[in-house]
1. Using the structure shown, decide if GLU26 is in a loop (DSSP other than H, G, I, E, B), out of contact with any Leu (no Cβ under 8 Å at 6 or more places or on another chain), modelled with pLDDT under 95 and under 16 Å from ILE211 (Cα atoms).
2. Taking the condition of being crowded, with 19+ Cβ neighbours inside 10 Å and among the acidic types (Asp, Glu), how many residues in region 131-167 meet it?
3. Only one of these conditions is not met by VAL107: (1) touching a Ser or Thr at 6+ places or on another chain (Cβ under 6 Å); (2) not assigned by TED's automatic domain parsing to the domain that holds LYS179. Which number is it?
4. If you check ARG19 against the conditions, is it among the basic types (Lys, Arg), surrounded by 13 or more Cβ atoms within 10 Å (Cβ to Cβ) and not assigned by TED's automatic domain parsing to the domain that holds ILE251?
5. So the check is Cβ under 8 Å with 6+ separation or different chains; which pairs have a first residue in region 120-142 that's farther than 15 Å from LEU189 by Cβ and in the same structural domain as GLY218 (by TED's automatic domain parsing) and a second one that's part of a loop (DSSP other than H, G, I, E, B) and of a type in the set (Lys, Arg)?
6. Any residue in region 45-69 that's not assigned by TED's automatic domain parsing to the domain that holds TYR214: show its pairings with residues that are acidic (Asp, Glu) at Cβ separation under 7 Å, as long as the two are six or more apart or on different chains.
7. Only one of (1) at pLDDT below 95; (2) touching a helix residue (DSSP H, G or I) at 6+ places or on another chain (Cβ under 7 Å) fails for THR80. Which number is that?
Amino acid sequence: MTAVVSADLRQRLEDVAERLSEAGIEAVQTEAEGLIGAAVGVRQRHALYQEERDLSQEEIEQLEAFLQRRLSGEPLQYITGDAAFRLLTLKVDRRALIPRPETEGLVSVALQLMGSNKQAVVLDAGTGCGPIALSLAMECPAWTVLAADASPAALELARENALRYDLQQIQWLEADVTKLEFWRMLPPLDLFISNPPYVTEEEWGQLPIEIRGYEPRGALVAGREGLDVIGPLLDRVSMRLKPGGLVAMEIGERQDDVVTAMARAAMLVDIRVAPDLSGRPRYLIARQELGLS
């Protein structure tokens with residue numbers, strides 16, 4: 001692709017990247033492109049390099065406002081209003097967490113293990129803005145996808161994302177997924193998948209301001225050991241997994257031993273923890289024993 005970006009826009013990219021770098025922000029080129037793209041109304045960053053015009057005064061003022069928000073610690077995705085996730089560009093705001101690459105990996109692991117199962121009933125517990133549920137619905141259109149979250153605001157955002165892609169087969173459930181009553185109402189499941197809260201109280205205090213100051217604490221923190229949600233989920237999941245049904249859950253990188261023990265106590269089998277792209281233990285994988293339900 002031949003870049004035909006104007007000299008004005010090129011200079012502003014350099015200036016914004018320099019100011020971001022001075023503030024200690026990483027990936028400054030990507031961030032500068034995102035901020036300027038949002039200011040001029042260009043969603044796809046590669047399209048920004050086809051802009052041959054100078055910025056208007058209104059766009060310059062908008063860019064400066066966006067830049068100040070970023071320099072104050074607000075995540076880029078909340079400023080631009082969207083985040084990439086697998087095949088999707090999701091609307092994001094402070095109602096739910098920003099989807100992470102690690103969770104993309106969780107979806108990849110689950111799809112690989114599910115294989116050619118053309119018909120499946122799936123539960124995404126703690127769906128947030130819907131990245132897991134929406135990806136499964138898009139990539140496996142014959143599946144029945146249930147998506148649950150205790151936050152009405154997060155579910156509202158997830159539904160907005162579903163409308164963006166006309167994914168109508170998802171059933172949205174407002175519920176506390178740790179409660180026994182919730183599990184009693186579910187149909188038998190082929191796949192249970194979840195990116196639950198797993199940050200400890202201590203870890204929360206050490207997270208950067210762009211997380212602690214903006215993303216919903218309740219979607220991240222799960223008590224002193226980070227297990228207040230994972231524990232009940234593993235206690236309940238055998239109630240509704242079909243024989244041979246799969247569990248795929250994102251966990252904290254220092255939780256592999258204790259979570260493996262929890263899965264064993266829950267009578268799950270074929271238990272292992274797979275690494276994320278950084279090599280950290282990240283994905284609990286297990287199955288319901290054949291002959292049990």
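The values are calculated or read from the model by the stated rules, or taken from the named source; none is laboratory data. No experiment lies behind these values; they were computed from the predicted model shown. Heads up, the Cβs are rebuilt from the backbone with ideal geometry, glycines too, and the neighbour counts pull from every protein chain shown.
1. Values: in a loop (DSSP other than H, G, I, E, B): yes; out of contact with any Leu (no Cβ under 8 Å at 6 or more places or on another chain): yes; modelled with pLDDT under 95: yes; under 16 Å from ILE211 (Cα atoms): yes.
In short, yes.
2. Of the residues in region 131-167, 1 are crowded, with 19+ Cβ neighbours inside 10 Å and among the acidic types (Asp, Glu).
3. (2)
4. Working: among the basic types (Lys, Arg): yes; surrounded by 13 or more Cβ atoms within 10 Å (Cβ to Cβ): yes; not assigned by TED's automatic domain parsing to the domain that holds ILE251: yes.
Here the answer is yes, as ARG19 does meet what is asked.
5. Partner pairs satisfying both residue conditions: CYS129/ARG95; PRO131/ARG86; SER135/ARG86; GLU139/ARG86; ALA142/LYS118.
6. Going by the 7 Å Cβ cut-off, the qualifying pairs are ARG45/GLU33; LEU48/GLU33; ASP54/ASP8; LEU55/ASP8.
7. Here THR80 clears every test but (1).
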